[in-house]
Each structure stands twice: as structure tokens, then as C-alpha cells.
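Working notes, structure below.
The values are calculated or read from the model by the stated rules, or taken from the named source; none is laboratory data. Since the structure is predicted, the reported quantities are computational estimates derived from the model, not experimental observations. We place every Cβ from the backbone using ideal geometry, glycine too, and count neighbours over all the protein chains shown. Quick note on the areas: whole protein, heavy atoms, side chains included, nothing else; ligands and nucleic acids left out. Shrake-Rupley method; radii C 1.70, N 1.55, O 1.52, S 1.80 Å.
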Amino acid sequence: MYKIGDHVVNSKVILAPMAGITSFGYRKFMESFGVEVTYSEMISDMGLIYENKETQSYLSFPKQKSLTGIQLFGSDPKNLAIAAKIAQKSNEFIDFIDVNMACPVPKVTKTGAGSALLKTPKKCGEIIRAIKEATGLPVTAKIRLGWDEKHLNFLEVISELENAGVSLIAIHARTTKDLYMGEPRWEYLKNIKSKVNVPIAVSGNIFNFEDAKKALDITGADAVMIARGGVGNPELIREINALYGGENYSQNRSFLQQADYCKNLAKLLIEEKGEDKAMRIYRTIAPKFFTNFPNSKNIRKRLSSELTTYKSLEDILQNSDFNYDE
């Protein structure tokens, strides 16, 4: 158990923000598996300030069961505070603001945003203070170990964030230069929780319970942040929470179960975005429900290329008996 502001959280799993995935429909779907903290897709501070319609659309969602954070990216404390205030005024159901200090993608870092902020630890603290003052909401941050192997300054960044009053810190166990390649560097985060006075979540290649247990055992963190590992495998959240809660749990993924989950998420996305847009997005998500199933190449190929309507999804699933030619 830990807190984000005044909100008590019991789940060992936090749903990571993912561009193109963690819209309201996806977050609602994952709540049913035990996620208690969710984040929006990454939102540009300047997109909100300049009233970009696509950017503003990320703020349009109803009340969720889970704590809902809006993840902002930008490089200027003043602009991020303005954007956070805009978000707060736009949607009363925002529970906290998160600042992306972890994105390693060059188009983000070249603007000084994302993990480029790790180069200026004091600015990281200034950003947290500015947003807290503007909104009064809890503010969290996601960071990395540092820019590269020679600049592993995460402890300095954490110190600045703590002093500024951050409510939770999520740490991706790679550097910016690592991008998403190679194994997470858990050794650098050994017993990190004992060195920090706020809740800590850790992320990086959490694809099964063993990955989560290793990360939590080494770091002592309060939670793991699940990203790609949960896409198409929502039972992973239920498994981690159950086993850490002392319950017996055996994940038994079947084609019929995964097909039901796949259809349920599709319905939520269609309700949120409309059928045409939802199905175009779903071509990258639906195949994930059948990853690692034997002889699933054909169904995954069809889902990634033939989805146009909900009926087309049903047809592909109903006409698949898993006796495919590879």
C-alpha cells in the first residue's frame, strides 16, 4: 500500500502511459484486471496552450474507477504549469499530473523535453514546484537512470524531485541512449526504495510475474509499471496482484478467453473513438492478444491488415480454429 497525494493505492501494478494505446477505452479495460493507477497518453504542453484539437481530445474522458493522471511533456516549467492548469480546468476527473522525464525518442529530446530534462536536475524540481503551485494536484514524474552510461545521475534527479514535493517517481531502468534495447539495469537500482521517501515504481521489460518479482525484489519498489507486457495480456496484472496478495493463481490463457478480451477492448475503443478510427488503431493492438500462441501467425497477420469494422474482427476470430499454416 502507498499513497499518491491523499489517494491510497493497493495494487502492485501501475499502467504505464503509452502513445497510441492508453486512451480512456484502454484504461477502462485494464481497470477490470486490477489496475488502480492509470495515465493518459503523452500530451504536449504547447499543444494544450495553442489549443490543438487533437491534443485537447486526450483530456475528454469521464470519471474512472482508477486514479487518473495526465502525462505532460515539455521543457519549460512555466509552460508546463500553464498546460497543467488548462488540463485541470478541462476535466474535473484528473487526479494528478505526471511529467514525462523519460521519453528517449529524439524528436522529443531534441526540444529539451522527455529524458533530456535529466541533464538539468534542478529544472526537474522547478517543474514539479510550478505545477503543484498552479494546480494544487499531486504531481508525479517518470525518469530514467540518466542520459548515458557516463551520466547516471538518477539519484541527483530524485533528490531534486523529492525536495520539490513529488508524490511518486517511476524509474525506467535504462538510460536515454539505451532506448528500449538490452536488459534493464536493475543493479543500479538495488534497494532504491530505502534511499527515497516517496513511493517508487519501476519499469523495463516486465512481461511476466517473474520479471515483476525480480524488479521488485532488487529495488524494493512499491509497484511495477506495466507497458508493452500488458498489451494483449491483461491477466498479467491480475496475476501479479494475486501472487503478491498471497493468493494462489494460475494463468491459463486460452484462445477463447483471449478472443473475448480482444472483442471487449474493441467495443470500448469503438465507443470512445468511433468504429473507423478505433479499428485502424486496433490493427496494432489486436494481434498482441495471440502472441506466443502456437500456429498463430495467420490470425495475427489478418488482424493487423484486415480490420475495418467490428464485424470484420468477429469474422476473423470466428473463422480461426488455430489450425493455421505457418
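Using 1/(1 + (r/R0)^6) with R0 = 35 angstrom and r between the beta carbons of residue 90 and residue 7, what's the FRET efficiency to the nearest 0.05? Working shown, then result.
On the way: r = 20 Å, r/R0 = 0.58.
It comes to 0.95.
How far apart, in nanometres, would the label points at residue 267 and residue 179 be if each is projected 7 angstrom from Cα along the Cα-to-Cβ direction?
Those two pseudo-labels are separated by 3.9 nm.
Once you have a ≥ b ≥ c as the square roots of the Cα gyration tensor eigenvalues for the range 76-212, tell me rounded if a/c is under 1.5, and otherwise prolate or oblate according to whether a/b is larger than b/c.
prolate
Largest first and to the nearest Å, give the Cα extent of the range 41-150 along each principal axis.
44, 26, 25
What number comes out for the charge environment of residue 210, summing +1 per Lys or Arg and -1 per Asp or Glu over other residues with Cβ under 12 Å away?
On the way: positive: 213, 214; negative: 211, 217, 239.
Around residue 210, the surrounding residues sum to -1.
Compute the helix-to-body angle for 297-306: its Cα long axis versus the longest principal axis of the chain, expressed 0 to 90° and rounded to tens.
Orientation of helix 297-306: about 70 degrees from the principal axis.
Report the label-to-label distance for residue 252 and residue 60 in nanometres (one decimal), using points 7 Å from each Cα along the Cα→Cβ vector.
Each label point lies 7 Å from its Cα, and together they span 4.3 nm.
Compute the distance from the alpha-carbon center of the range 28-65 to that of the range 111-179, in whole Å.
21 Å
To the nearest 10 degrees, how steep is helix 121-135 against the longest Cα principal axis of the chain, on a 0 to 90 scale?
With rounding to tens, the tilt is 80 degrees.
Taking a point 7 angstrom from the Cα of residue 32 along the C-beta vector, which residues in the range 249-273 have backbone N less than 19 Å away?
What the label zone holds, given the 19 Å backbone N cut-off, is 251-273.
Between 100, 295, 241, which gets the highest mean-square fluctuation from a Gaussian network model of the chain, Cα cutoff 10 Å?
The residue that fluctuates most here is 295.
Any idea which of 61, 4, 91 is furthest toward the positive side of the dipole for the range 1-153, if Lys and Arg beta-carbons carry +1 and Asp and Glu beta-carbons -1?
4
Assuming a viscosity of 1.002 mPa s and a temperature of 20 °C, what translational diffusion coefficient in µm² per second does Stokes-Einstein assign to the range 102-154, Rh being the Kirkwood radius over Cα pairs?
Numbers: Rh = 11.7 Å.
Once the numbers are plugged in, D ends up at 182 µm²/s.
Summing +1 for each Lys or Arg and -1 for each Asp or Glu, what net charge is found among the other residues whose Cβ lies under 11 Å from the Cβ of residue 159?
Details: positive: 122, 195; negative: 156, 160, 162.
Computed value for this residue: -1.
Can you give the percent of C-alpha pairs in the range 179-326 whose distance is more than 22 Å?
Working: 5517 of 10878 pairs.
Above the 22 Å cut-off, the range 179-326 has 51 percent of its Cα pairs.
Just check the range 218-300 against the gyration tensor rule for me: Cα atoms, a ≥ b ≥ c as the square roots of the eigenvalues, rounded for a/c under 1.5, and otherwise prolate or oblate depending on whether a/b exceeds b/c.
Numbers: a/c = 2.16, a/b = 1.59, b/c = 1.36.
Since a/c reaches 1.5 and a/b is larger than b/c, the shape of the range 218-300 is classed as prolate.
On average, how much area does the Cα convex hull of the chain cover when viewed from any direction, in nm²? Intermediate results must be reported in sequence, preceding the final value.
Details: hull surface 64.5 nm².
With every direction weighted equally, the projected area is 16.1 nm².
Would you mind working out the magnitude of the charge dipole of the chain relative to its Cα centre, with +1 at each Lys and Arg C-beta and -1 at each Asp and Glu C-beta, to the nearest 20 Debye?
Values: 43 positive and 39 negative charges, 108 e Å.
The calculated dipole for the chain is roughly 520 debye.
Please name whichever of 152, 106, 199 sits farthest to the positive end of the charge dipole of the range 65-203, dipole taken about the Cα centre and charges placed at Cβ: Lys and Arg +1, Asp and Glu -1.
Checked the options; the winner is 106.
Please calculate the 1.4 Å probe accessible area of residue 7, with all protein chains present, and give it to the nearest 10 Å².
It works out to around 70 Å².
For residue 152 and residue 284 in one chain, what is 0.36 nm times their gap in residues minus the Cα-Cα distance, to one decimal in nm? Each step should come with its number before you reach the end.
Working: separation 132, 0.36 × 132 = 47.52 nm, distance 3.39 nm.
Here the answer is 44.1 nm.
Can you tell me the relative contact order of the chain? Whole percent, Cα pairs under 8 Å, sequence separation 6 or more.
Values: 638 pairs, mean separation 46.1, N = 326.
Reported relative contact order: 14 percent.
Determine the shape class of the range 202-256: with a ≥ b ≥ c the square roots of the Cα gyration tensor eigenvalues, call it rounded for a/c under 1.5, and otherwise prolate if a/b is greater than b/c, oblate otherwise. Let's see the in-between values first.
On the way: a/c = 2.52, a/b = 1.36, b/c = 1.85.
Oblate, since a/c reaches 1.5 and b/c is not below a/b.
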